[in-house]
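Accompanying notes for the structure given below.
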Amino acid sequence: MAGPETSAHYERLAGSYDQNWTYNDAFLDWMAGEITGVLALTSDDRIADVGCGTGLYTGRILNRVRPAGPILCIDPSEGMLSQLPPDPLLLPVHASAEQLAKGATDSRGDHAAPVPRGSLDALVIKEAVHHVATGDRPWVITGLTDLLRPAGRFLVVMLPTRISYPLFDRALRRFEELQPDPEDIAGHMRAAGLTVDLSYRDFPLEIPKDRYLQMVRNRYMSLLAMFDDDEIAAGVDEIDRRHPEPILSFPDRFAFVLGTRKAAAT
């Protein structure tokens, strides 16, 4: 799901990851509500969050749904998984999307949790599919689809190919070079046999500029791990000059790519 540089980035970020976003509970609650609604989650569902990170959204989904069984919290970063809320209904699984698609999860210690084929009702990947290499995305999406039961739902939440974030120009250009097209993800889902719906949803963000500049310094997006300290410092100065206002306001726009597996024949 991530190369060595990205994996190292998330291990470094794990301890402070939540600090970047926990100030904005309205956004976190909105996103958790959108995921819950689009997937039509119920307490009877067997749910997996692939690339769950620290469980910022997973914990809120848990509180909304209260499933009978634990939500599988799947992430390749041990540091991120160690930050999960201490709830028995959040079960950590140390694995990448690629390992999961191949049926290979980490069997060490407390993180042992096999995910059999055809065992899930709902699976979500939020802002992590871009970490899967372009050439691997078709087979990874097919492998994850195989984990679903009949009528199971597979949701990819991702940024569009262009964003309105107040980043510095080099970061925005790099983002556009690397970000996969939601239409391509939808195509991979269709090729895996899913019925697909693609929609876009927006949340109006307001962030104190000082807070946002610190988030950039902390490399809150994995994209920013591609820039060294001097480049980040120059980027922060560029943002500061371009935005004299104390509060940064911009839309956070997401693509919701929902794939649904055929129901069992009756």
Selection from 132, 145, 97 lying farthest towards where the dipole of the chain points positive, charges on Cβ:
145
If the label point sits 7 Å along Cα→Cβ of residue 262, residues of region 133-156 with amide N under 19 Å come out as 142-154
At a Förster distance of 35 Å, what's the computed FRET efficiency of residue 247 paired with residue 44, Cβ-Cβ distance as r, to 0.05?
0.25
Mind giving me the nanometre distance, one decimal, between the label points for residue 25 and residue 136, set 7 Å out from Cα along Cα→Cβ?
3.8 nm
Please report, ordered by residue number, every helix of the chain (full DSSP H runs) that is 18 Å or longer along its axis going by C-alpha atoms and whose mean Kyte-Doolittle hydropathy reaches 0.0.
25-38
Cβ-derived FRET efficiency at R0 30 Å, residue 102 paired with residue 82, nearest 0.05:
0.80
For the chain: relative contact order, % (alpha-carbon pairs under 8 angstrom, 6 or more apart)
19 percent
Could you work out which residue, out of 245, 127, 231, moves most in a Gaussian network model of the chain, that is, has the largest mean-square fluctuation with Cα springs under 10 Å?
245
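Taking R0 as 45 Å, what's the FRET efficiency between residue 169 and residue 146 from their Cβ-Cβ distance, rounded to 0.05?
Calculated value: 0.60.
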Share antiparallel - DSSP beta bridges, the chain, percent rounded to 5
55 percent
Pairwise label distance in nanometres, residue 195 with residue 162, each label 7 Å out on the Cα-Cβ vector
3.3 nm
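Values in this text are rule-based calculations from the coordinates and carry no lab data. Just so we're clear, the structure is a prediction, and the values are computed from it rather than from any experiment. As a convention, Cβ positions derive from the backbone with ideal geometry for all residues, glycine included, and neighbour counts pool all protein chains shown.
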